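The values are calculated or read from the model by the stated rules, or taken from the named source; none is laboratory data. Just so it is clear, the model here is predicted, and its values are computed rather than measured. Heads up, the Cβs are rebuilt from the backbone with ideal geometry, glycines too, and the neighbour counts pull from every protein chain shown.
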Amino acid sequence: MEIITCIAIGVAGGILSGLMGVGGGIVLIPLMVIFLHMGQHQAQGTSLAIIMLSFVSMFVYYKKGHVNLTVAALIGIGFIIGGLIGAHFATSIPEHALKKIFAVLMIVVAVKMLVFK
């Protein structure tokens, strides 16, 4: 593992996360798979660990009045439940299949964002 590569991936993910609210799944996972040669399971698990650190950029939005804490808390409850369920399923799916599922999800989201209002 190269320290500079890890930091560069973090900077890219941090910039996009702060700028557009994305980072973990959209940026960090593919970069860790490609440049750090991580398996899909390890990249997804590592990305989830990094999400906890996004508090710093969220605080900037909060200070400017752009965070609805009630909605965040309610979605957070669902996120915890869904995360537990999803993690159990993901860790039982073969890595090659999980990588394909992840790629299809990214394509579907990209097409939806480009085509629909």
request  = Give me the pairs, please: first residue somewhere in the stretch 37-65 and over 19 Å from LYS100 (Cα atoms) and among the aliphatic types (A, V, I, L, M), second residue anywhere and assigned to a loop (DSSP other than H, G, I, E, B) and at pLDDT 90 or above, beta-carbon distance under 7 Å, and either six or more positions apart or on two chains.
outcome  = MET58/VAL67
ask   = If you check SER57 against the conditions, is it surrounded by fewer than 10 Cβ atoms within 10 Å (Cβ to Cβ) and either over 17 Å from the mean Cα position of the chain (by Cα) or at pLDDT below 90 (or both)?
value = no
task = Scan the stretch 73-109 residue by residue and report those that are over 15 Å from the mean Cα position of the chain (by Cα) and small (Gly, Ala, Ser).
result = ALA73, GLY78, SER92, ALA97
task = Find the residue count for the stretch 1-42, including only residues that are over 25 Å from VAL108 (Cβ atoms), at pLDDT 85 or above and not small (Gly, Ala, Ser).
result = 9
query = Does VAL111 satisfy being exposed (fewer than 12 other Cβ atoms within 10 Å of the Cβ) and closer than 21 Å to SER17 by Cα?
reply = yes
Flag for THR5 being in contact with a Phe, Trp or Tyr (Cβ under 6 Å, 6 or more places away or on another chain) and assigned to a helix (DSSP H, G or I) = yes
